[in-house]
């Protein structure tokens, strides 16, 4: 019953959004750098954050604000991470206060997030000055979501926006999300910001449960460069306007909601992996025949995180030895002589390794397969019945270029 | 009492070496691809290997051959890893047999190692045909070591060769090593081959002990790209010709020997890190003030392994936020608000972060410091008295180029 719809974070009833350039980075162009998402009514809300020991100030503030499982709006900026910077929490609180004042709600009902360079004081005054204008720009339309999605982008080359519609408890429920990814995306969350809105009626504890379950099998299964950031935040707001009976426990309604959330988050995760800094290929690695899903996940993550495998895919080189090698140093135990490897894409598929030994294969066909934008590395462990899919991207000259001089 | 000397693996008494082009890779140029090191007399010997679950055939063979702690010679090829390839162990044994025949010893006294592409059948016949010629080329001279050092290189741009002289039990003892590194170097050993010879008299169990201790604080503290290879081997041969009383237990003699071995191995490790594929900078990260050496090592390795930090150093960008970020996702717990960071090189040093907060610093001086070939990242945790130094390199366009199409 699930279907794709338009509208991003404004697809669900009662949500408005906008983006604006306020000048968080002084020497930047007119790129939008401040995003606002507001619900017409209070929401149940939950968030997951980076596992990095070094956490940006907005994360501490948002965590405190979400302690009651309630929120009304999200304010997020690009251009400065507000991490390891003077007066971090104070400035994050000031961002919330400015939004609360415009809406007429408590500052504790505001979620705040930042992304950008670490260690520099955020220009909170330009944000405070911009919020009233930004508030007047809020729209309940695809354009509103588009503005917000653009405002959180840093080195992203395309905006990430998805919305789906499903049925929960007999009512049409919509949910939509915007995200930014690119560098530092890694299992356990890279510099990713993701904001999801839904009109589903669901309790704070159930939405928290669903987000934890879904993040583990979507955002935590992508990797761009193995670095995890100080700022990662994924937040869901649910305002209940769909009119379904509030989900307060596990059951069919919960499952239907969680399935839609998973679909949405996997789509966003894939978009993030595909748009990894400088990336030309989305790499999907499916590990089958593992002893457990956990083992399959560790093996798959090791492959998509392998710098040498990523470089081989960049070169459209069917260097399956690097895949086997990455499986081998994953930390999981297995019998290398049971492993099969194949490469696949829209151009076909080709077996390259059987039972740990190289096969003679058509190098031209392999090249053709690996030249496609989206390539699949299929690994069969021959050890059991569990499987897992993770997503990553290749490493390119542009990755080096983008990250060789990011601050200036 | 330790001093640098010339001669590489031929510096110690009674060792001869040579390198030869035999054509392991058909379409390669005339690059030497087969190395032989022979002791005039039997040696005590020990080796450490890759921790990768997928191990190349020569590793299984060498492990078996060294079970008695004795060896006479090392045969090593570049151009083919003999990993995940048909008849792997059989071919590795054939390499040993050819050498044993030339020397007139048992095949079990031969150490064998390979490096190169994974998954292709090794051209063992050209190796067998080349061994008799190679044997006639053996020289007890710097030229012999040079030939062997060149023959094991793959994408290395410079040969790695070191020798030192020390005094053990009142006798002059020499030791020398050759190594190849480049891609896939990582803690727990990358595609590295390292062969060390010494004329010290030491028992098999003591040489094994010393190698384990020293490898942990030298080769296991470098990283190039985070991938660990299927073929890593570090082997030491000790022939006793220095005439010292055989070291059979811990004590002053053992300590003197181990200190020289550590000095030798750290020098070789740094050379490998510095010559990481495409690298322009050797990055040394020293973490001080940690709770334990283990914690300091984990933190330091996380910094030198961080792709984003490596890209920043490539760009000579003093992006200390990435250093803090890498410390944060290392898995170690610490208080970010106690961390200081400084960058240093031959051009000077500069404090960039104090107690987890950015300092205003001279960007021009920072650039100047980071433009040097060897840069140091100094981290002070403020938590205790332990420290550790690890070595890595930057990531460059050339790394991508080299690894985008390695097989062809």
Shielding score for A:395-401, defined as the mean number of other chain Cβ atoms within 10 Å
6
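Find how much the distance from residue B:373 to residue B:167 grows on full extension, using 0.36 nm per residue of separation minus their present alpha carbon separation; answer in nm with one decimal. Don't jump to the answer; show the numbers that get you there.
On the way: separation 206, 0.36 × 206 = 74.16 nm, distance 3.33 nm.
Fully extending the segment from residue B:373 to residue B:167 adds 70.8 nm.
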Among bridges DSSP assigns within chain A, what percent are antiparallel (round to 5)?
70 percent
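How would you classify the stretch B:366-408 from its alpha-carbon gyration tensor, with a ≥ b ≥ c the square roots of the eigenvalues: rounded for a/c under 1.5, else prolate if a/b is greater than b/c, otherwise oblate? Let's see the in-between values first.
Numbers: a/c = 4.35, a/b = 1.98, b/c = 2.20.
Since a/c reaches 1.5 but b/c is at least a/b, the shape of the stretch B:366-408 is classed as oblate.
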Under 15 Å from a point placed 7 Å out from the Cα of residue A:213 along the Cα-to-Cβ direction: which residues of the stretch A:232-274 have their backbone N that close?
A:247-266
antiparallel share of DSSP beta bridges within the protein assembly as shown, to nearest 5, in %, is 70 percent
So if each residue of separation counts as 0.36 nm, and I subtract the Cα-Cα distance between residue A:355 and residue A:41, what length gain in nm does that give?
107.2 nm
Report the relative contact order of the stretch B:282-404, percent, no decimals, based on alpha-carbon pairs under 8 angstrom and at least 6 residues apart.
44 percent
In what order do B:212, B:370, B:138 fall by count of nearby beta-carbon atoms within 10 Å, going from fewest to most?
B:212, B:138, B:370
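Which of A:90, B:139, A:297 comes first, and how do the rest follow, when ranked by fewest Cβ neighbours within 10 Å?
On the way: A:90 11, B:139 15, A:297 24.
Least to most surrounded, the residues fall as A:90, B:139, A:297.
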Under a Gaussian network model of chain A whose springs join Cα atoms within less than 10 Å, the largest fluctuation of A:120, A:267, A:13 belongs to A:120
Pull up the DSSP beta bridges for the stretch A:282-404 and report the antiparallel fraction as a percent, rounded to 5.
75 percent
Give, to the nearest whole percent, the P(r) tail of the stretch A:216-346 beyond 19 angstrom, counting all Cα pairs.
59 percent
Once normalised by the length of chain B, the mean sequence separation of its alpha carbon contacts under 8 Å that are 6 or more apart gives a contact order in percent of 17 percent
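Helix-derived [θ] at 222 nm for the protein assembly as shown: sum -39500 (n - 2.57) over DSSP H runs of at least 4, divide by residue count, nearest 500?
Values: 22 runs with 263 residues, N = 816.
So the helix-based figure for the protein assembly as shown works out to -10000 deg cm²/dmol.
Give me the compactness ratio for the stretch B:214-278, meaning the Cα radius of gyration over 2.2 N^0.38 Å. Intermediate results must be reported in sequence, preceding the final value.
Numbers: Rg = 14.7 Å, N = 65, 2.2 N^0.38 = 10.7 Å.
Its radius of gyration relative to the 2.2 N^0.38 Å reference: 1.37.
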Compute the distance in nm between two label points, each set 7 Å from the Cα along the Cα-to-Cβ direction, one at residue B:139 and one at residue B:30.
1.6 nm
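Once the Cα gyration tensor of the protein assembly as shown is found, what semi-axes does its equivalent ellipsoid get, as square roots of 5 times the eigenvalues, in whole Å, sorted largest first? Walk me through the numbers before you get to the answer.
Working: eigenvalues 573, 173, 85 Å².
The equivalent ellipsoid of the protein assembly as shown has semi-axes of 54, 29, 21 Å.
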Calculated FRET efficiency for the pair residue A:398/residue B:1, C-beta based, R₀ 51 Å, to 0.05
0.45
Three-way shape label, the stretch A:1-99, alpha-carbon gyration tensor, a/c 1.5
oblate
Listing B:266, A:248, A:214 from the residue with the fewest other Cβ atoms within 10 Å to the one with the most, what is the order?
A:248, B:266, A:214
0 to 90° range, to nearest 10: angle between helix A:204-216 axis and chain A longest Cα axis
30 degrees
Using only Cα positions of chain B, each an equal point scatterer, no hydration layer, compute I(q)/I(0) via Debye at q = 0.07, 0.13 Å⁻¹ and quote the log10 values to two decimals.
-0.33, -1.04
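Given a cut-off of 25 Å, what percent of all Cα-Cα pairs of the stretch B:282-404 lie beyond it?
Details: 1356 of 7503 pairs.
Summing the P(r) of the stretch B:282-404 above 25 Å gives 18 percent of all pairs.
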If you average the alpha carbon positions of the stretch A:318-349 and of the stretch A:1-65, how far apart do those two centres end up, in angstrom?
38 Å
Identify the residues of the stretch B:5-49 with backbone N under 16 Å of a label point that sits 7 angstrom from the Cα of residue B:121 along the Cα-to-Cβ direction, or state none.
B:24-26
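Restricting things to Cα coordinates, could you compute the convex hull volume per residue of the stretch B:103-154 in Å³? Write down the numbers at each step before the final one.
Values: hull volume 5.6 nm³, N = 52.
Dividing the Cα hull volume of the stretch B:103-154 by its residues yields 108 Å³.
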Given Cα pairs under 8 Å that are at least 6 residues apart, what percent is the relative contact order of the stretch A:30-95?
46 percent
For the residue pair residue A:333 and residue A:89, what label-to-label distance in nm results when each label sits 7 Å from Cα along the Cα-to-beta-carbon direction?
4.5 nm
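FYI, it's all coordinate maths here, none of it is from the lab. Predicted model, so just to flag it, every value in this text is computed and none were measured. Here the Cβ is made from the backbone with ideal geometry for all residues, glycine too, and neighbour counts use every protein chain on show.
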